[in-house]
Each structure stands twice: as C-alpha cells, then as structure tokens.
C-alpha cells in the first residue's frame with residue numbers, strides 16, 4: 001500500500017486552462033486580472049454567481065482542473081493566482097512537494113457538513129458498522145482525505161488496514177465497482193456520495209463526523225506565493241477570498257437555491273443536488289493554531305504510514321495575511 005501511495009501522490013499532471021473573463025471596469029482592482037482555479041464545477045465561480053457576488057472590481061480568468069493536485073501544480077508554476085476548495089491532503093501534498101503555494105483561507109464544516117464524506121455499503125448489506133467489514137473490500141481513492149478518514153475509522157473500531165482490503169479507485173470507477181458488487185463498501189464524498197445514496201441505495205455506516213480522532217475538517221483556498229507578493233494582486237486576492245467566504249454564508253442560509261445552481265452546472269439529479277447542498281454547511285475561520293494542529297496530526301500520520309520520509313511543520317504552508325479580509329467579509 002505504501003508503494004502505491006507514493007506513486008499516486010507523486011503523479012501530478014498540469015491541466016489545460018480554460019478561461020473566460022468576468023468582472024467590472026472600475027474600482028480598486030482596475031487593471032488587475034486574477035487567474036482563479038477550480039477543481040470541480042461546484043466551486044468558486046458557481047458559488048459567487050449564485051450568491052450575487054461575482055461583480056468584482058477586477059477581471060477574473062477561470063481555470064478548470066480535474067483535481068486539486070493539478071490545480072496546486074498550476075498555482076506553484078504561476079499559471080494560476082488563487083483557487084481551491086481542496087482538503088487537508090492537498091495542502092500536505094503541496095508542503096512536501098515544495099510548491100510555491102500557501103493556504104490563504106480555511107473553512108470548517110459544521111452541522112450536516114460533517115456528513116459530506118462517508119463510508120457506505122449497499123442498502124441490503126448485513127454490515128451495520130465498520131467491525132462488520134473485517135476481511136472485506138473497501139474502495140477509496142488512495143491519498144485523498146477519505147483515505148485518512150478510513151484509517152482513523154478502522155482504528156476506532158479496533159481494526160487496521162491489514163484487517164481489510166483497501167482498493168484504490170477513482171470516484172467514477174468506485175461507483176461502478178460499488179454498483180456491480182465488486183467491493184463491499186466505499187469511502188466517498190459529495191457530490192458523488194449524494195448520487196450513490198439517491199440513485200444506488202448506498203447506506204452510510206459512518207461519516208466523518210463520527211470519527212472521534214478526526215477533529216475539525218477543513219477545506220482550503222490556496223494562493224500563489226508570487227501572486228500574493230504583488231501589491232495589486234494581493235489586494236484583489238484579499239477581496240476574492242472575502243467574497244468566497246461571504247458566498248459560503250449565503251449557501252448555509254439558502255440550500256435550496258444552491259442546490260438549483262449546483263444542478264444546473266453539474267448535471268446532478270434534483271435529489272442528489274438537494275442532498276449535497278444540505279451538507280455543504282461550513283464557515284470560514286481565521287487561520288491559526290487550531291487549523292495548524294488538525295493538519296499536523298494528519299501530516300504526522302502519513303509519515304507513520306511511510307508515505308513521507310520525515311515530519312513537516314505544516315504552519316509553514318499557511319499565510320495569515322488574508323485573515324482580516326475574510327473575517328471582515330463574514331462579520332455581522
């Protein structure tokens with residue numbers, strides 16, 4: 001498993017940029033263009049448009065990527081200035097990869113947001129909790145956040161990775177394997193989780209909120225170190241991160257409207273879109289020791305697994321220079 005993990009985490013392919021501009025012609029960001037990356041369609045662009053916060057005083061070129069590692073590679077190379085919605089595993093990969101990337105803002109899940117990642121079994125499975133998966137096959141994506149969650153969950157039920165067979169599959173392949181009965185369980189996240197529940201009868205036996213050792217779960221917006229050193233771009237990035245944080249509060253208060261917006265761009269069924277939207281509850285918080293501590297525990301766990309050779313100080317992968325902008329944006 002360690003060898004496979006190393007391979008998965010090492011392979012990063014830079015995605016092609018697909019861009020179109022938006023924004024106004026006046027304001028403090030006049031003449032500035034931000035290239036903003038997103039790793040899925042339910043990301044910043046849809047978020048800002050749905051919340052009515054896309055009238056930026058600077059131009060935006062949107063860059064679409066298939067996965068967070070591709071996005072981080074582009075930010076590190078200077079092709080993208082800011083972007084995200086990636087989880088803790090992506091942040092750790094960037095640290096170990098020596099990327100020119102910092103975490104610029106962090107959001108923590110709350111309420112039903114803790115149910116947006118889960119281990120599911122078929123509806124008619126006799127398995128009721130993780131103890132029933134001993135000797136069984138669990139599909140997941142190696143190196144993703146659910147990989148870490150699953151290892152913690154197994155430990156919580158007195159098991160280890162040696163007691164089950166972990167099958168490394170991308171989410172699309174995982175759905176096919178789950179539906180065909182090739183695996184006994186599947187660790188997955190929204191919106192694919194919502195699709196599996198509404199269309200395949202997947203039954204959660206544990207979600208990330210049930211894992212006692214996990215603590216808070218975060219998603220991040222990443223910024224390029226070069227872009228954040230440019231005064232004009234830095235001001236625009238601060239404004240952008242503030243808008244994303246404010247838009248997320250709108251999502252928390254308007255799940256039905258967010259579900260409709262998400263369905264239009266993602267092709268999800270109405271039922272899956274509604275379920276995923278209800279679990280999109282999170283709020284942006286100041287970057288500081290609490291965020292560092294949670295991420296440090298995960299980074300240390302990957303070292304114990306042999307994925308990385310030596311510990312890393314995760315706080316070096318963050319910047320607090322945008323804390324004020326984010327806090328002011330969500331202040332009552």
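Rounded to the nearest 10 degrees, what's the angle between the helix 171-180 long axis and the longest principal axis of the chain, both from Cα atoms, 0 to 90? Computed tilt is about 30 degrees. The label point for residue 40 and the one for residue 324, both projected 7 Å from the Cα toward the Cβ, are 3.4 nm apart.
Calculated FRET efficiency, residue 304 to residue 30, Cβ-Cβ distance, R0 = 41 Å: about 0.20 to the nearest 0.05. Bins of 20 Å, beginning at zero and ending with the bin holding the largest distance: percent of Cα pairs per bin for the chain, please. The percentages, shortest bin first, are 32, 59, 9, 0. Once each part is reduced to its C-alpha centroid, what is the distance from segment 258-328 to segment 170-233 in angstrom? Cα centres, segment 258-328 to segment 170-233: 11 Å. Projecting label points 7 angstrom from Cα along Cα→Cβ for residue 216 and residue 249 puts them 1.7 nm apart.
Projected onto planes of every orientation and averaged, the convex hull of the alpha-carbon atoms in segment 120-210 covers 5.1 nm². Once C-alpha pairs closer than 8 Å and six or more residues apart are averaged by separation and normalised to the residue number of the chain, the relative contact order reads 25 percent. Taking 15 Å as the cut-off, the amide N atoms of segment 47-67 that come nearer than this to a point 7 Å along the Cα-to-beta-carbon line of residue 260 belong to 49-52.
Given the -39500 (n - 2.57) contribution per DSSP H run of 4+ residues, what per-residue ellipticity at 222 nm results for the chain, rounded to the nearest 500 deg cm²/dmol?
Working: 13 runs with 140 residues, N = 332.
Dividing the helical sum by the residues of the chain leaves -12500 deg cm²/dmol.
With the simple spin-label model, which puts each label point 7 Å out from Cα in the Cβ direction, the residue 177 to residue 165 separation comes to 1.0 nm. Grouping the Cα pair distances of segment 37-153 into 10 Å bins from zero gives a pair-distance distribution of 11, 34, 30, 18, 7, 1 percent in increasing distance order.
Bear in mind these aren't lab numbers, they're just calculated from the coordinates by the rules spelled out. Keep in mind it's a predicted model, so treat the numbers as computed, not measured. For neighbour counting, all protein chains shown are included, and Cβ atoms are generated from backbone atoms with ideal geometry for every residue, glycine included.
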